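Shown next, in structure tokens, is the structure this report addresses.
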Amino acid sequence: MNRTRTVSAPALTGLALLTLALTATGPVAAQGAAPKPVTFSAFFADPNANWNGMQDEIGRVITAKTGVTLKAEFAVGSPDEKINLIAASGQYPDLISPKGAGGVLVDAGAMLDLTDLINRYAPNIKRIMGKEFDRMRFSNRDRGIYFIPTNDPIGQTYFDTDAWFKLQLGALKEQKYPQVRTLKDYEKVIATYVKAHPKTPDGRPTIGLSLLADDWRFLISVTNPAFWATGGSDDGEWYIDPKTYKATLHFFRPEEREYFRWLNHMNDIGLLDPESFTQKYDQYLAKIASGRVVGLIDAGWQIGDAVNALKAAGKTEQMYGRFGVTTKPGIRPAYNQPTGFVGGWGIGITKACKDPVAAIKFLDYLASPEGQVLKNWGIKGKHYTVQGGKRVIPAAVLKQKNTNPAAFQRTTGIGNYNISVRYGDGVKDQSGNYYTTTYPEQIIDAYTPAEKAALKAYKARLWNDLLPKASSFQPKAWGAAWSIQVPQDNPLNEFFNKEQDITRRAIPKMILGKPADFDRAYDAFLAELDSKLGKYAVMETELIKDRLKLWGVIK
């Protein structure tokens, strides 16, 4: 998932203002005593379409345990703009989760240093962080801890993959599950299916490949796939040399030119959706949910609502297989390259908070073993049982969860409360059970029959089996460049908007232009990037090295 400093991504299911009122005492009041409510306001950069005002089943338990009540308000708009307004106004919520814009708040003096609060009142947070504790520190210049990580689970194992090159399962089945490793393979599946089925059963034109360029989502569907398809990894807009740690804009990698040339070719032969650069997010999701789109190049979290709609409607063959497609044979897609704990993004307590001790204890409860099992598994006896010492999700509950995931989350609240540090998939508690429900057996159980048939044909149990394993890569010493907070006084804060002004204008033009004009257009694009943005690469390199020093990788 890509996440830039100035735009949330992602995990990244759309951007909106989330203002919450939190009532807390916790983690839990003294045994036998009712928790005394304290009200907090909070801003979250990510929305939650399945939020149910804490009237879900898990929310009620959290309220009973801690006194916490959440009342959510959502507003459409850029969270970064909102955070800049908050920083300028001096009117802060009690809690804030700004993702990549945290540096603005730190430099504005809005955030409390949480180091002492964690050491004194948050044993669960401290235990989970363990040897990674110092990676929460802001920078070498300012070693305060302002955000408790929420974006990057500790000890995460990626059992499955969200490889971004997606093809309808029905198209794969009809073509007897062909090899899908290169762009040529991927294109052939789309072209063959569109030729055989120019229209859908309801008479609408079949769409070969659709992209999404709506606002910040341009990065996720249009530009970021260029580094995935060429063996690069997710460092936002940068490519970081693993030996020298020098940063360059990833568009300058010669192999990425070939990826955009292929998109130009797909447009030229009529397989690219002509609305790719004009459609809005809701229109894009509606197309996917209709079953019209054969191929997608996108993150799973971005298309999740549409795919869930297909699943709920029983259109499982219009759901998607996931492949690590590359521009040519021999390139190893780096979806599984380890980053270690990247830090950077999380939730913090502002100086406006009247009871920071209660706030940190509330977040600590959510990080406790009890809190993590509750928010991931649900209520014992209702959402899971214990059989032979193992947590088991009953078949009826699993069916609800798999058939209509959005409704299940709204009703139960499972998945709604990841607002504190947590263990990742693959980590077990003292009982020998996984903290999360995402592990191979559960993932396979959640697959539809169409997915299982495809995987069987490809001789795989999980989609991730089709990709190079994590052990085949060297870990990224700097974590991920997108997660580094940029100080407010650093000119890099200007970089993203300037870069997007260029890329959002130049890239659609070169993709939609004539193939004979492509190289000239790409050369002009690189020349403009270099003349206007070249200086920022030096600044990015300095930030990378600063993090490496902070983490003790280099001196």
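Can you tell me the dipole magnitude for the stretch 326-478 around its Cα centre, using point charges on the Cβ only (Lys, Arg +1; Asp, Glu -1), in Debye to the nearest 20?
Computed about the Cα centre, the dipole is about 240 debye.
Around residue 161, with a cut-off of 10 angstrom between Cβ atoms, what is the net charge of the other residues, counting Lys and Arg +1 and Asp and Glu -1?
-2
What residues of the stretch 212-231 lie in the reach of a label at residue 281, counting those whose backbone N is under 19 Å from a point 7 Å from the Cα along Cα→Cβ?
212-225
Can you tally the net charge around residue 454? Count Lys and Arg as +1, Asp and Glu as -1, for every other residue whose Cβ sits under 13 Å from the Cβ of residue 454.
Spelling it out: positives minus negatives among the neighbours equals +4.
For the stretch 295-301, in order, what is each residue's ³J(HN,Hα) by Karplus, 6.51 cos²θ - 1.76 cosθ + 1.60 with θ = phi - 60°, in whole Hz (x at glycine and Pro)?
x, 10, 10, 6, 7, x, 5
At 222 nm, what helix-only mean residue ellipticity would the chain give, in deg cm²/dmol to the nearest 500, using -39500 (n - 2.57) for each DSSP H run of four or more?
My calculation for the chain gives -11500 deg cm²/dmol from helical runs alone.
At a threshold of 8 angstrom on Cα-Cα distance, excluding pairs fewer than six apart, so keeping six or more, what relative contact order does the stretch 138-237 reach in percent?
Averaging sequence separation for qualifying contacts and normalising by length gives 12 percent for the stretch 138-237.
What dipole magnitude, in Debye to the nearest 20, does the chain give about its Cα centre under +1 on Lys/Arg Cβ and -1 on Asp/Glu Cβ?
1400 debye
Please report 517, 355 as a ranked list, fewest other C-beta atoms within 10 angstrom at the top and most at the bottom.
So the residues, fewest neighbours to most, are 517, 355.
Cβ under 14 Å from residue 282's Cβ, residue 282 left aside: what net charge do those residues give with Lys, Arg +1 and Asp, Glu -1?
Taking every Cβ under 14 Å from that of residue 282, the sum is -1.
For a quick check of your reading of the filter: which trypsin sites (Lys or Arg not before Pro) in the stretch 464-520 sit in a DSSP loop and have no more than 13 other Cβ atoms within 10 Å?
Listed in order of number, the matching sites are 469.
Which whole-Hz couplings ³J(HN,Hα) result when phi for each residue of the stretch 304-317 is put into the Karplus expression 6.51 cos²θ - 1.76 cosθ + 1.60, θ = phi - 60°, listed in order with x for Gly and Pro?
The phi angles translate into x, 4, 5, 5, 4, 5, 4, 5, 5, 7, x, 8, 6, 6 Hz.
Determine, for 271, 95, the number of other Cβ atoms within 10 Å of each Cβ, and report the residues in order from fewest to most.
Exposure proxy ranking, most exposed first: 271, 95.
Which ³J(HN,Hα) values in Hz, rounded to whole numbers, follow from the phi angles of the stretch 424-436 under the Karplus curve 6.51 cos²θ - 1.76 cosθ + 1.60, where θ = phi - 60° and Gly and Pro get x?
x, 4, x, 8, 9, 8, 5, 7, x, 9, 5, 5, 9
Filter the trypsin sites (Lys or Arg not before Pro) in the stretch 235-330 to those in DSSP coil with at most 12 other Cβ atoms within 10 Å of their Cβ, and list the result.
Listed in order of number, the matching sites are 243.
What is the Å³ per residue value for the convex hull set by the Cα atoms of the chain?
Each residue corresponds to 145 Å³ of Cα convex hull volume.
Remind me, relative contact order of the chain in percent, using alpha carbon pairs under 8 angstrom and six or more residues apart?
24 percent
With charges set only on the Cβ (+1 for Lys and Arg, -1 for Asp and Glu), what does the dipole of the stretch 123-163 come to about its Cα centre, in debye to the nearest 20?
Dipole about the Cα centre, nearest 20: 380 debye.
If we restrict to alpha carbons, what Rg and Dmax does the stretch 251-326 come to, in Å?
Using the Cα atoms of the stretch 251-326, the pair Rg, Dmax is 14.1, 44 Å.
Spin-label point model (7 Å from Cα, Cβ direction): what's the residue 141 to residue 407 distance in nm?
5.2 nm
Report, ordered by chain and residue number, the lysines lying within cross-link reach of residue 195, taken as a straight Cα distance under 18 Å and ignoring same-chain residues fewer than 8 apart.
Straight-line reach from residue 195, under 18 Å: 173, 176, 184.
Over the stretch 106-170, calculate the relative contact order: mean separation of alpha carbon pairs under 8 Å at least 6 apart, over the residue count, as a percent.
30 percent
Laboratory data are not the source of any read-out in this text; all were calculated from the coordinates shown. These figures come from a predicted structure and were not determined experimentally. Note that we place each Cβ from the backbone using ideal geometry, even for glycine, and neighbour counts take in every protein chain shown.
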